[in-house]
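Visitor: Pasting a structure here, questions to come.
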Amino acid sequence: DQSKTLQGTTHSVDLLAPSMPPTEAEPQTPKSRSRNHETRATLVLLHHSQPSHIHSLPPEVLHLVFLPFVGDYWRLLHLRLVCKYWEKVIDSTPELWKIISTKFHPGLQGIIVRNSGNHSLDVEYDETRWKGDSEKENKMAAFARLLEPSASRWRALIYRRADDFGSDTRPLSLPLHNLERIEINGLARSNQNLTLDAPKLSSVHVSRYSLNWRSLSGLRALNLESTNSTLGDITTILHASPGLQDLSLEETLLVVGTEGLLSSYPSQIRLPRLRSLHISKARVHSILFLLNWIEAPSLETFWVDVEDPTDAADGTQLCEAAGQYIGAFPLLNNQSAQALIGFNRSELWFGFGDRMIVMQNLTWTGANGAQAVLTCLAAAMKHLDSRICEEITSLYAWCLEDESGECLRLVHSRFPRIEQIVAQDRGTAENLVGSVLQHLDSPLRFGSAEEWLFLKLAKLEFHFNGFTNPNIGHRLAELVKRRKEAEPTGEITEVSINITFGAIDRSAMEILEQSLAGIQLDIRMLG
């Protein structure tokens, strides 16, 4: 509690009292311990009888010593007690007093305002601090009176509402002419529609609150969660913020307002510096509109999460638009060269590393659900950069056993350098392995010709919830043998089996070990 520092500290903080350990060569007898104590006492008296160099360090050096404690007022206020010189240096270093919050004791707030001088301030206005406090109104007013004269010095503002009634919006109505970052958190969606007087604002993070969105411009980061912003609002901001680097729209529906289909806007919204794009739980047509209109050649991370697309056509178009971002060259150095593919009759996952599209609750798929989702997957792969396809060497997949063959054919056609397949069990181990192996242990027909899948395949990894069928060992051994004997295919050198929340039958393990002798076999029990 910061208020403890204001109650007075009667003892001095002595950072220099030396500690003299006993001489290691001398045995610890009562006599030697007494002599060591007398030695330490003598040195302490000698130390205090002479000037200390620590109290005469130049202010520039002490600034460097104190700067790591910016905002750590508990330590700063104790360091001020070391000596008058330190107190003077600390109080005259405005950079140390840049953070102020409603959570601090009023006395500390006054010290911060005074000592920060004309330096910039990071302000936290948290109304939840006073929730249930009968003096809430008075405390809000006192904090406002203290901070309002310094509004032009605010660099960052965190504003948290306690409730929809009685909230103080004065901090948002001040002339914040040097404000660069703002974070607003409400407990429920609000329709205040305030216009911020913050011409230098570059980073906006708003949750469950409403602003005059179209007044925002020149942003580098925009993060909205559960807001009432329309598609027209967002496109207006994007056109006015060509230097935008981070865009996140979560649970923001992006409804089409009175402007209709936005036919008056240009065909492209060019954002050359955009690095991150995240859209979650918005309307499908609005997401599709943004993905088709935004041009982001520097995009690094991409995530689109959609629930219940209207129909198959919408899902297919959305996947095709997302695929252009997922498959843009190059991948980041820290992104895995692994394709993730997962689908069943009601959901689809596809992407690489930090680039992903997720569609869930696909109620429109009906009896041909798996095939409809496969069509969406093919659309997502349609515009992948060929250089990205050459970089992908690993496939992580979970899917319906009946459709795994079509999925593997599709992956093979797009990613010719797959060396590893990681298969996740979403049904039974026997069905998963059988479905995968039957498409890998012999050539498949493509048109009038036959072709082996994944000529460079060398590693297989399976994740199961249980494992009891000893015949799987024989199937794996047959696969290894056939691919080794086939002329165009590489040799399987590693097989890994991971079992979670289950056990492997002892006889099955013995058969696996015997059947796959000569290759690297790794069996792990994870549950």
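Visitor: For a quick check of your reading of the model, give me the residue pairs whose first member lies in the range 509-527 and is part of a strand (DSSP E or B), whose second is open to solvent by less than 70 Å² (accessible area, probe 1.4 Å) and modelled with pLDDT of 80 or more, with beta-carbon atoms closer than 6 Å and at least 6 apart or on different chains.
Guide: 520/494; 521/495; 522/496; 523/497; 524/498
Visitor: OK, next. Do we find a residue being at pLDDT below 90, polar (S, T, N, Q) and at positive phi anywhere in the range 184-197?
Guide: Initially, the range 184-197 is screened for residues at pLDDT below 90, giving 186-194.
If we keep only those that are polar (S, T, N, Q) too, we end up with 190-193.
Filter again for at positive phi, leaving 193.
Yes, that holds for at least one residue.
Visitor: Mind counting the residues in the range 56-113 that are under 19 Å from residue 139 (Cα atoms) and part of a helix (DSSP H, G or I)? Reasoning before the result, please.
Guide: Restricting attention to the range 56-113, the residues satisfying the condition of being under 19 Å from residue 139 (Cα atoms) are 99-113.
Among the residues that remain, those that are also part of a helix (DSSP H, G or I) are: 106-113.
Looking only at that region, the number is 8.
Visitor: Which pairs have Cβ atoms under 6 Å, sit 6 or more apart or on different chains, and link a residue in the range 84-100 that is open to solvent by 10 Å² or more (accessible area, probe 1.4 Å) to one that is among the small types (Gly, Ala, Ser) and at pLDDT 90 or above?
Guide: Listed pairs, sorted by first residue: 94/116; 94/117.
Visitor: Consider the range 392-418. How many of its residues are surrounded by fewer than 17 Cβ atoms within 10 Å (Cβ to Cβ) and among the acidic types (Asp, Glu)?
Guide: Matching residues across the range 392-418 total 1.
Visitor: Take residue 179 and tell me if it is touching a residue at least 12 places away in the same chain (Cβ under 8 Å) and assigned to a loop (DSSP other than H, G, I, E, B). First the steps, then the outcome.
Guide: Numbers: touching a residue at least 12 places away in the same chain (Cβ under 8 Å): yes; assigned to a loop (DSSP other than H, G, I, E, B): yes.
Here the answer is yes, as residue 179 does meet what is asked.
Visitor: Now for a different question. Taking strands (runs of 3 or more DSSP E) that do not extend beyond the range 287-389, which have at least 3 residues that are without any contact (Cβ under 8 Å) to a residue 40 or more places away in the chain and crowded, with 17+ Cβ neighbours inside 10 Å? Please lay out each step first, then the result.
Guide: Numbers: elements: 301-307, 338-343, 348-352, 355-360.
In the range 287-389, the matching strands (runs of 3 or more DSSP E) lie at 348-352.
Visitor: Continuing with this model, one more query. Would the range 145-153 turn up any residue that is more than 34 Å from the chain's Cα centre (by Cα) and either open to solvent by less than 70 Å² (accessible area, probe 1.4 Å) or not charged (D, E, K, R) (or both)?
Guide: Taking the range 145-153 as the starting set, the residues that turn out to be more than 34 Å from the chain's Cα centre (by Cα) are 145-146, 148-149.
The next check asks that each one be either open to solvent by less than 70 Å² (accessible area, probe 1.4 Å) or not charged (D, E, K, R) (or both); those that pass are 146, 149.
Yes, there is a match, as at least one residue in the range 145-153 is more than 34 Å from the chain's Cα centre (by Cα) and either open to solvent by less than 70 Å² (accessible area, probe 1.4 Å) or not charged (D, E, K, R) (or both).
Visitor: Is there any pair linking a residue in the range 101-122 that is touching a residue at least 12 places away in the same chain (Cβ under 8 Å) and closer than 15 Å to residue 148 by Cα to one that is of a type in the set (Lys, Arg) and assigned to a helix (DSSP H, G or I), with Cβ under 6 Å and at least six apart or on different chains, and which?
Guide: Hits for this filter: 102/129; 120/153; 121/153.
The values are calculated or read from the model by the stated rules, or taken from the named source; none is laboratory data. As the structure is a prediction and not an experimental result, all values here were calculated from the model. Because the Cβ atoms are built from the backbone with ideal geometry, glycine has one as well, and the counts that use them run over all protein chains shown. These area figures cover heavy atoms from the full protein model, side chains too; ligands, DNA and RNA do not enter into them. Shrake-Rupley method; radii C 1.70, N 1.55, O 1.52, S 1.80 Å.
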